[in-house]
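Below: one structure, written as structure tokens.
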Amino acid sequence: MPQSHHIAFMLCLTCVCAIDDPLIDTEQCKRDAELMKSLGANTIRVYHVDAKADHTGCMAAFEKAGIYTIIDMDTFNTYILPVRAHSLLSPYPLLG
């Protein structure tokens, strides 16, 4: 029986946008999704989004391209500062 060899790799892309939420510009997302697909990306991580904004167009563009999205649940006003991370874990002694 032939063996199948799979090569795993991570393609890291960084976007520094002029807007706080990169998933509200549908036309830009369509262009980005096609480019990312051509590069072989299948997953992106978005660090900050506006929870009140409409992301339908961008999510549809990434879905069409077969790209999963990992969306952080914070915003620019609700992030966790690294210096406070330990105090957030203190109620959970096995994690701290």
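Some notes on this structure:
- Multiplying the residue separation of E27 and A53 by 0.36 nm and subtracting their alpha-carbon distance yields 7.8 nm.
- Taking amide H as placed 1.01 Å from N in the peptide plane, T43 has its amide H under 5 Å from the amide H of Y68, each at least 5 places away in sequence or on another chain.
All of the numbers you see were taken from the coordinates with simple rules; none came from a lab. Predicted, not measured: the structure shown is a model, and the values here were computed from it.
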